[in-house]
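Chemist: Below are the structure tokens for one structure; questions will follow.
The values are calculated or read from the model by the stated rules, or taken from the named source; none is laboratory data. Quantities reported herein were computed from a predicted structural model and do not represent experimental measurements. Heads up, the Cβs are rebuilt from the backbone with ideal geometry, glycines too, and the neighbour counts pull from every protein chain shown.
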Amino acid sequence: MVRRKRTGTHRVAWHIVLAVCALAVRLPAGVSSAAEPAVRVLRDVEYVRRADGALRADIYLPTTPAPHPCVLMIHGGAWLAGVKEHTAWHSRQLAAAGLAAVAIDYRLAPMHRFPAQLDDCRAALVWLAEQADRYELDSDRLAVCGYSAGGHLACLLATTVMSDQRPSVELSAVVAGGAPCEFREEPPASRRLAFWLGGSRAEQPEAYAAASPARFVTAQCPPVFLYHGEVDRLVPVAQPRVLLDELHDVGVSAELHVVRRVGHIGAYWDDAAFQRVIEFLQTQLSVSTESSGETTR
């Protein structure tokens, strides 16, 4: 039985503040656009078609020998905003390190409520596995990376993708930054997440439980790397610690890297933190640390 821990979600004005902050598209301090690694990019590739149109991906490919290990990149934006281009800088860093990065758009609230976002991420994983040969990807070395709302979706993929009710795609690793991981302690009458979960927790308890990655942890989860700002007041660091404890309890390899003296956006753009992300993914996906990207376009 999952233990219920205090997470501090009641202090977070989720849907407005996270959307604004997660959409802060800029380079890290001191990094110019000229310093971005040049890699081959395939843009706007359709990965699934929904009733209201196609959902598309940008594929960032290394110049190292194929097949390439692959990382699904999930943007943030409080589940109601954001586009795949918001992960471009991080995706390029991964490609320069020998990892293909596939950045996706997904359906957004309030027009599309949970679990639409998760369903789209799962569809992207299935599509990657099916199209691996076409894009010279290694479906046996597949990972997921996201931040904020994208980190939450990455955590749900880590904890639910192996379920009998989910697509049978095996993940080798999951990275989640600034991720909310537990909604079952939201104040029962609060409607802060109603735009996404369909009502308050009192009205929609099953939706709040289904959206909580900590609920689904099993020993079959892949290795997980979490990173979080020490002074993140949007998503308290208690959130990933809940998931970390649950993963450790069942023997899953998991680490939480706390980025000192920064908040939600500071951790997102922290160079040293993302370097640790790259090193974790290179280790889990068996990528040589000498891999590097070259200009091919």
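Chemist: Take the conditions in contact with a Gly (Cβ under 7 Å, 6 or more places away or on another chain), under 18 Å from Thr159 (Cα atoms) and surrounded by fewer than 17 Cβ atoms within 10 Å (Cβ to Cβ) and apply them to Ala219. Does it pass?
Modeler: Yes.
Chemist: May I pose another question? Looking only at segment 209-224, which residues are more than 14 Å from the chain's Cα centre (by Cα), outside any loop (DSSP other than H, G, I, E, B) and not hydrophobic (A, V, I, L, M, F, W, C)?
Modeler: Listed by number, the list holds a single entry, Arg215.
Chemist: Can you confirm whether segment 121-131 contains a residue that is of a type in the set (Val, Ile, Thr) and closer than 28 Å to Val242 by Cβ? Break it down stepwise before answering.
Modeler: Going through segment 121-131, the residues of a type in the set (Val, Ile, Thr) turn out to be 126.
After this cut, where a residue has to be closer than 28 Å to Val242 by Cβ as well, the list is none.
Checked against the condition, which is being of a type in the set (Val, Ile, Thr) and closer than 28 Å to Val242 by Cβ, segment 121-131 yields no hits at all.
Chemist: A further question on this structure: In a loop (DSSP other than H, G, I, E, B) and out of contact with any helix residue (DSSP H, G or I) (no Cβ under 7 Å at 6 or more places or on another chain): does that describe Ser168? Lay out the reasoning, then the answer.
Modeler: Details: in a loop (DSSP other than H, G, I, E, B): yes; out of contact with any helix residue (DSSP H, G or I) (no Cβ under 7 Å at 6 or more places or on another chain): yes.
In short, yes.
Chemist: I would also like to ask the following. Within segment 53-78, can you find the residues that are touching a residue at least 24 places away in the same chain (Cβ under 8 Å), out of contact with any His (no Cβ under 8 Å at 6 or more places or on another chain), of a type outside the set (D, E, K, R) and farther than 20 Å from Asp270 by Cβ?
Modeler: Leu55, Ala57, Ile59, Tyr60, Thr63, Thr64, Ala66, Pro67, His68, Pro69, Cys70, Leu72
Chemist: Restricting attention to segment 105-133, which residues are of a type in the set (A, V, I, L, M, F, W, C) and not in a helix (DSSP H, G or I)?
Modeler: Leu108, Ala109, Met111, Phe114, Ala132
Chemist: Assuming Val259 fulfils every condition listed in (1) touching a strand residue (DSSP E or B) at 6+ places or on another chain (Cβ under 6 Å); (2) surrounded by 21 or more Cβ atoms within 10 Å (Cβ to Cβ); (3) closer than 18 Å to Ala154 by Cα apart from one, which condition is it?
Modeler: Here Val259 meets the rest and fails (3).
Chemist: Out of Arg113, Arg201, Arg166, Arg141, report the one residue that is modelled with pLDDT under 95 and not acidic (Asp, Glu).
Modeler: The match here is Arg166.
Chemist: Right, another one. Could you list all residues from segment 180-218 that are of a type in the set (A, V, I, L, M) and either within 24 Å of Val258 (Cα to Cα) or touching a Pro at 6+ places or on another chain (Cβ under 9 Å) (or both)?
Modeler: Ala194, Ala202, Ala207, Ala210, Ala211, Ala214, Val217
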